[in-house]
Amino acid sequence: MLAVEKKRENSDNGRMDRQFYRDSFKMILPIVMQNIFSALMGSADVVMLNAVSQNALAAGSLATQYTGILFMFFFGIGSGAILLAAQYFGKGDMKAIEAIEGIALKCSLFVALIFFAGASFFPHALMRVYTAEPALIEEGVKYLRAVRFSYLFWAISSAYFSMLRSIGRVTVATAANGAVFFLNIALNAVFIFGLFGCRRMGIEGVALATSIAQGAQLAGCLVISFFSRDIKLKASFMLIKSRVLAKDFFRMSVPALLNDVSWGLAFSVYVAIMGRLGSDVVAANSIVCVVRNFATVFCYAVASAGGIIVGNIIGAGKLAEAETAARKFMRITVIAGLFGGLLVLVSMPLVLRFAQLSDTAMGYLRSMLYINSYYIMGTAVNTTLIAGIFRAGGNTKFGLVCDTVDMWGYGVVAGCVTAFVLKLPVVWVYFFLCLDEFVKWPWVLSFYRSKKWLRNITREHVLG
């Protein structure tokens, strides 16, 4: 009898596991598609600028570092909003989610206005942070002046998409991103190469295409909101008053925001270090970033889905079930890391054949791709835990401290010392920079096993 009951229990557990993985992949795959569209949008710029000139390619790579920093702000704000909204959705409190959306919109627009002002009034100073070469500075300034309006559109759409993700509505966001991607590709071709009677705009064409595409994405958000029965996009949400939610948002979201900004700024310093080593390095790194973006789309999707699903479960008060779900997502992320590394290796022949770089830059490109084939595993594990699982449980301070100490205390220092003090070859500088993800593994895995991240952060009576 006991043997029969044990067999039945194992069978039930097996069915539950299969159902969990099926439900998880239903959320992961649309997020993967969103990430692919984002990566394709960036890679399309690289492909077309590569056909213009190596200077245009290098300048575009440097100028978009500011877009990358802005993305980190939006990602941090969105992560904090998702952190709260996912748990309140698990609890069934939609009014609280509307208030959270209002807070996210206000924060995103405030940051976007700062970046808009910088690109409008100080574009030369911004470019000098990354390079001292006049040709690259002038090309980058053209990009910044043309792309600045996209920051404002992006601020609103990113906040709204975060809300859709928090309640599991990722398919509609994926469809919107797909439409914007194809629009951006078409506009890139028209403006860069002067099709259909338009003048050839080069790097300015890339930026203009991005601005128009982001405006179209915002229009798509308004259409989605109009037909949505749950999550709307309304300016009036910014007027909702909730001291409790605002306090929780800033107490938990600010560390998440600072974590992502600290990470983004440190990574930007990495690029600045490489930029000081010459345009060949910058050009090679710009292509490597495209390949890495594609290779990590599944890793980042696992982190996003894990954070949402585990957050929903915690908000429903099922802590033991949330712990089990986190363990399953760790298994998925290891597979994602292996797949990403393999993708880099498999794509190398095609990438090396496509790249139109100098012989020196091609040598850098080959070595940097090999390094990224294993670097992705470090990124996969750390992202799922820090940006997914830990945040789902309401713990954002650990990631802030961990990433800041690791990237600024190790990565930036190692990069500066190896590049400017020891004057090591470029590939060795890059190698030491790419050890940063593995340096923090012992700390991150120890915190995961401690279960200190596993908390229900929802409250009663949050409005007013």
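Determine which member of the set 135, 179, 159 is crowded, with 24+ Cβ neighbours inside 10 Å, of a type in the set (Gly, Ala, Ser) and touching a helix residue (DSSP H, G or I) at 6+ places or on another chain (Cβ under 7 Å).
Working: 135 fails: crowded, with 24+ Cβ neighbours inside 10 Å; 179 fails: crowded, with 24+ Cβ neighbours inside 10 Å.
Going through 135, 179, 159 in turn, the sole match is 159.
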The stretch 230-243 residues that are more than 9 Å from residue 105 (Cβ to Cβ), paired with ones that are open to solvent by less than 60 Å² (accessible area, probe 1.4 Å) (beta carbon under 6 Å, 6 or more apart) = 231/163; 231/164; 232/225; 240/99; 240/102; 242/99; 242/462
Starting from the stretch 443-457, keep only residues that are at pLDDT below 90, then list their pairs with residues that are in a loop (DSSP other than H, G, I, E, B) and exposed (fewer than 14 other Cβ atoms within 10 Å of the Cβ) whose Cβ atoms are within a distance under 9 Å, requiring at least 6 positions of separation or different chains.
-> 456/317
Test: residue 431 is in contact (Cβ under 8 Å) with a residue 40 or more places away in the chain, under 30 Å from residue 313 (Cα atoms) and assigned to a helix (DSSP H, G or I) = no
Consider residue 266 against the criteria (1) of a type outside the set (S, T, N, Q); (2) surrounded by fewer than 16 Cβ atoms within 10 Å (Cβ to Cβ); (3) part of a helix (DSSP H, G or I): it satisfies all of them except one. Which criterion is unmet?
-> (2)
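In the stretch 444-464, what residues are part of a helix (DSSP H, G or I) and surrounded by 14 or more Cβ atoms within 10 Å (Cβ to Cβ)?
Residues of the stretch 444-464 part of a helix (DSSP H, G or I): 444-450.
Listed by number, the residues that qualify are 444, 445, 447, 448.
Any residue at all in the stretch 149-168 that's modelled with pLDDT under 85, within 30 Å of residue 232 (Cα to Cα), assigned to a helix (DSSP H, G or I) and out of contact with any Lys or Arg (no Cβ under 9 Å at 6 or more places or on another chain)?
Narrowing the stretch 149-168 to residues modelled with pLDDT under 85: 165-168.
With within 30 Å of residue 232 (Cα to Cα) added as a condition, the list becomes 165-168.
Still in the list and also assigned to a helix (DSSP H, G or I): 165-166.
Narrowing further to those that are out of contact with any Lys or Arg (no Cβ under 9 Å at 6 or more places or on another chain): 165-166.
Yes: the stretch 149-168 contains one or more residues that are modelled with pLDDT under 85, within 30 Å of residue 232 (Cα to Cα), assigned to a helix (DSSP H, G or I) and out of contact with any Lys or Arg (no Cβ under 9 Å at 6 or more places or on another chain).
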Criterion (closer than 25 Å to residue 188 by Cα and either in contact with a strand residue (DSSP E or B) (Cβ under 8 Å, 6 or more places away or on another chain) or modelled with pLDDT of 75 or more (or both)) met by exactly one of 51, 85, 63 | 63
Selection count where residues are at pLDDT below 80 and either in contact with a Cys (Cβ under 9 Å, 6 or more places away or on another chain) or buried (at least 16 other Cβ atoms within 10 Å of the Cβ) (or both), scope the stretch 194-242 = 3
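Residue by residue, here is whether (1) among the aromatic types (Phe, Trp, Tyr); (2) under 16 Å from residue 293 (Cβ atoms); (3) out of contact with any Gly (no Cβ under 7 Å at 6 or more places or on another chain); (4) touching a residue at least 40 places away in the same chain (Cβ under 8 Å) holds:
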| position | (1), (2), (3), (4) |
| --- | --- |
| 344 | no, yes, yes, yes |
| 356 | no, no, yes, yes |
| 361 | no, no, yes, yes |
| 369 | no, yes, yes, yes |
| 375 | yes, yes, yes, yes |
Give the residue, chosen from 130, 151, that is closer than 22 Å to residue 225 by Cα, touching a residue at least 12 places away in the same chain (Cβ under 8 Å) and not acidic (Asp, Glu).
-> 151
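The values are calculated or read from the model by the stated rules, or taken from the named source; none is laboratory data. This structure is a prediction, so every number in the text was calculated from the model and none was measured. Glycine gets a Cβ as well: all are built from the backbone with ideal geometry, and neighbour counts include every protein chain shown. These accessible areas exclude ligands, DNA and RNA; they are computed on the full protein's heavy atoms, side chains included. Shrake-Rupley method; radii C 1.70, N 1.55, O 1.52, S 1.80 Å.
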